[in-house]
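Read-outs: derived from the displayed coordinates by stated rules, not from any lab. These numbers were taken from a predicted model, which means no experiment stands behind them. Cβ atoms come from the backbone with ideal geometry, glycine included; neighbour counts cover every protein chain shown.
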Amino acid sequence: MAAAREIKAREVVEPGDDDAVELAKRHLVQPWPYAGSVGAEARALIGEGEGIYITDASGKRLIDGPAGMWCINVGHRREELARVMYDQAMALSYNTPWYTMNAPSAELARRIADAAPGDLSHTFFTTGGSSAVETALRFMQFYNNVRGRPEKKLILSRGGAYHGSTYLSASLNGRPRDRHWMDGADELVIKLSSPDPFRRPKEMSIDAFTDFLVDQFRDTVARVGAGRIGAFVGEPVQASGGVVVPPDGYLKRIREICRENDILYVSDEVVTGFGRLGHVFASGEVFGLDPDMITFAKGVTSGYFPLGGVIISERLLEELRRSNHPDALFGHGLTYTSHPIGCAVALKNLDLLEEGVLQHAREIARYFQARLKTLEELPLVGEVRGAGLMACVECVADRESKDPLQLDKDVGKRIDAHCHELGLLVRPLINMCVMSPPLIISREQIDDMVAILREGISRTMDDLRKEGVWRG
């Protein structure tokens, strides 16, 4: 019986099989493709993972610098999580959330409420980060409709933001290249400046920059009218925007303006939640915030199963229950809402985090940031910034002007290619390299990672000099 359940390696397409590459080119549409290669490309095959490492199709072992996509927090090949997946699938693989429920989702909702700041007490589970943000925004719309404020629907977002790929969540994104060829609900979204201290005007102090951001927010509310603005959505640290860490106190001041004007504050912790900054949630523990909603995904299952969610303030739910429209229907749900396997995996993942991984992440974060900061010795590097176990190396052609290397927009990909040869996978973002390794990384592994990244940047500098696109 046990043998019948066992899946043999040769029963699946293995990395390195030429068939997999050809099948991808003929049948697989990759995410974020260019029109010239859509549906006709194959990307780097990854075959195995263990701890902080992955193995590519050639058998090369690589440090998983991005932790998949900010999500493999407890590391690859954790047998505890695999066993929970199997056990839960054998007990209950699925139930419809429309008129039934399961025990893992109820227990996970309680555990999340215990870890969340303020009065955040109820969770709506989704399939990932995009659907979590979409749910928060649809809840805001429903909330204001029930309260008789159908005009209070505008959403404040920021330059550099990334909030998802579904229609409404993607409309909040603040990176121009994300929207050049894509439509969005632009009539619902107001974009504010990115809170990026590195890109502030040269003569402006950090304190003055913070005041500028807060004044811009307050002036926008006054100009547009608080009665028309339903929510502000912000990442505590802008992740895909280049690990932008906001100035001290900025987020708390924005929160106060939101509270004063009855604007829902949605803290997007899809990346920062579940350990990336050393805590289950960073909003309260790191930034002193008590949002009206927190969205999460990625690290909640360490990427082992698609799951996300939005945690909602008890105050908002009480207001709805007290409304004059008890029959108003929040017509929103997903086939895989509160999926029993995902919730079971998340419970075990939360156990692993609370039994030592979070503590380790907090203890090693300072060493991680300090070692990466040494890369600022290289003339191509304009700034190394980060928080917890997430960091960005931003390359510039000229430190004085902070020119983001417009002559070579693929400098991040160049560095990644060299690092791949040397045993490290990084996440390239135009002129930036993002690092967010599994939270279980050791000091010795951090040293290896930084040494490879240093060599990869050095080789890229040599390439750019030889090609005459950078004098350094």
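For the stretch 197-280, trypsin sites (Lys or Arg not before Pro) are listed when DSSP marks them as loop and at most 11 other Cβ atoms sit within 10 Å of their Cβ; the list is 202. Among the GluC sites (Glu not before Pro) within the stretch 143-238, those in coil by DSSP and having at most 16 neighbouring Cβ atoms inside 10 Å are 151, 203. Sorted on the mean count of surrounding Cβ atoms within 10 Å across their residues, most packed first, peptides 413-424, 351-362, 115-126 read 115-126, 413-424, 351-362.
Under conditions of 37 °C and 0.692 mPa s, the chain yields 140 µm² s⁻¹ as its translational diffusion coefficient, taking Rh as the Kirkwood radius over Cα pairs in the Stokes-Einstein equation. Database remark: amide H of residue 398 closer than 5 angstrom to the amide H of 403, 405 (H placed geometrically; neighbours at sequence offset of 5 or more, or on other chains; Pro and chain starts carry no H). Two tests apply to each whole DSSP H helix in the chain, Cα reach of 20 Å or more along its axis and mean Kyte-Doolittle hydropathy of at least -0.5, and the ones passing both are 129-146, 206-224.
Here the Karplus curve 6.51 cos²θ - 1.76 cosθ + 1.60, taken at θ = phi - 60°, turns the phi angles of the stretch 47-58 into couplings of x, 9, x, 7, x, 9, 10, 10, 10, 8, 5, 7 Hz, with x standing for Gly and Pro.
For the stretch 383-465, the equivalent ellipsoid derived from the alpha-carbon gyration tensor has semi-axes of 22, 15, 10 Å in decreasing order. When every Cα-Cα distance of the stretch 81-352 is counted in 5 angstrom steps from zero, the calculated P(r) takes the values 1, 6, 13, 17, 19, 17, 13, 8, 4, 2, 1, 0, 0 percent. Amide H to amide H distances under 5 Å link residue 189 with 155, where only residues 5 or more positions off or on other chains count and H is placed in the peptide plane.
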